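Report on the following structure.
Throughout, read-outs are computed from the coordinates displayed, never taken from laboratory work. This is a predicted model, so every value here is computed, not measured. Methodologically, a virtual Cβ is constructed for each residue, glycine included, from the backbone with ideal geometry; neighbour enumeration extends over all protein chains shown.
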Amino acid sequence: MGGSRQGPRFTAAEDEALCALVVNMGRAKWNEVNKSMVALGYANRSIGSLRNRYLRCVQARNGKDCFSGKNRCRLCGKLQKGHVCTATMTPPPLPPLRAPQEAAADTETE
């Protein structure tokens, strides 16, 4: 829904601890994950923020991007996220030139 971000940012160490806790628990019980994170000395976060962060970390590790099918460059087809296109746009082809005799014949008939 795009609300403003509150609280401290996640650190790399916090990401590793979060992923390790979820893997060790098997099935994530987010309330227990939060209590374990606080016991390890990390910031008290909402259950939703922990779950969302874990899912984003999993997506990143699997090489999946949440924008995988959207927002592609029209010129080269690459994802636009962080993309600077080096392809040049080719102009549309010009209509063929007419011979001078045809142009003169057109003006005579008008």
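Annotations for the structure displayed:
- Label-point separation in nm, N71 to R53, each point 7 Å along Cα→Cβ: 2.3
- In segment 6-83, the C-alpha radius of gyration followed by the widest Cα-Cα span (Dmax) gives 15.7, 51 angstrom.
- Taking a sphere under 13 Å around the Cβ of T11 and counting the other residues whose Cβ falls inside, with K and R at +1 and D and E at -1, yields a net charge of 0.
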